[in-house]
Structure formats: structure tokens, C-alpha cells
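The values are calculated or read from the model by the stated rules, or taken from the named source; none is laboratory data. Everything numeric in this text was worked out from a predicted model, so none of it was measured. Note: ideal-geometry Cβ built from the backbone for every residue, glycine included; neighbour counts use all protein chains shown.
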Amino acid sequence: MASTFPEDVVLDILQYLWVLHSTAWDSEFRQESHRRFFANYSLISSVWTAPAQRFVFRSAHLAWGQHLPSFELALKTGPRSGFLRQCIRVLDITISHSKLNVPLKKLDRLLRLAPSLIELRLRIGPELNTLFMKEKQEKRLRDAFQSLKPTLRALQ
């Protein structure tokens, strides 16, 4: 029965659920928690998959270096990789020289994977007391930021 809804109706339903979940005060419904609901909504039928994935990939948080390979794989390969890249609006990254966090040298690659980014949140690890980098790396990072210039509205 769910597959008989047109995609715009499904999108309206999901938008309502997003607002409902994101305005709830219970910890179960906080933004980082209610993403799992939208992952489940994407499994209802093929008509629900793409609209629900828009909400799942709306914001991405990369706190650990081990998150990086799966994040890059989802956005580089597969039939929906281009679609998913366009969905990311907020990217929250913890940068560090430690092997536990996302290395600074990979930041330019991550920025290129999210061309529609509106907000970038950079968290600096405690042992990273300087952001000095090699000349080539600095140029790549400048180019990545230049490509985001039309859409990026907030940098924290």
C-alpha cells in the first residue's frame, strides 16, 4: 500500500516526521538518534528509499578516522552515490594528527564529496595545536573551499 503514494506525498510525510522528531525533547528523538528512524523509513518500499535517504544523509558527523572509509565508499561508489553527495548539508568533522580522528590531510577530499554543503563544523583535536600544512596540501584545501564558496554559509 505504501508504494502507491506518489513521491511528493512521501516527501511531505517524511518532512512532517523530520519536524516532529527534531522538535521532540526526549533524548530518543534527538537529531543524531532519530536518523535511525529515517533509515527504517527508507526500507518501506522503493518509492520511500530516495526521499528518506535525503534526511539520513542531511548531516554527517565524522568523529573517528574509522568512519572515513565507509563514508567515502557510500559517496564514491554505487548507483546512488551522486544523489547522496547532493543530500549532505551539514558536515561535522573532528580533525587531528592522531590515528583515531580524521587526518587533516584528508579534509580536502571530504569537502569535495559534499558539493551542496551549507554548514561545516570543524572540531580540532587536543594535540593539534597548529593547522600548518605543506604547500601542496594547502593549495588542495583552498581549491576545495573555493568549490564550496557558492553554497557554504556557516563555518564553525
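Report those helices (runs of 4 or more DSSP H) wholly inside region 37-156 carrying at least 3 residues which are at pLDDT below 80 and surrounded by fewer than 19 Cβ atoms within 10 Å (Cβ to Cβ).
Per the criteria, 135-148.
Could you list, in sequence order, the residues of region 2-19 that are in contact with a helix residue (DSSP H, G or I) (Cβ under 8 Å, 6 or more places away or on another chain), among the hydrophobic types (A, V, I, L, M, F, W, C) and surrounded by fewer than 16 Cβ atoms within 10 Å (Cβ to Cβ)?
Correct list: 2 only.
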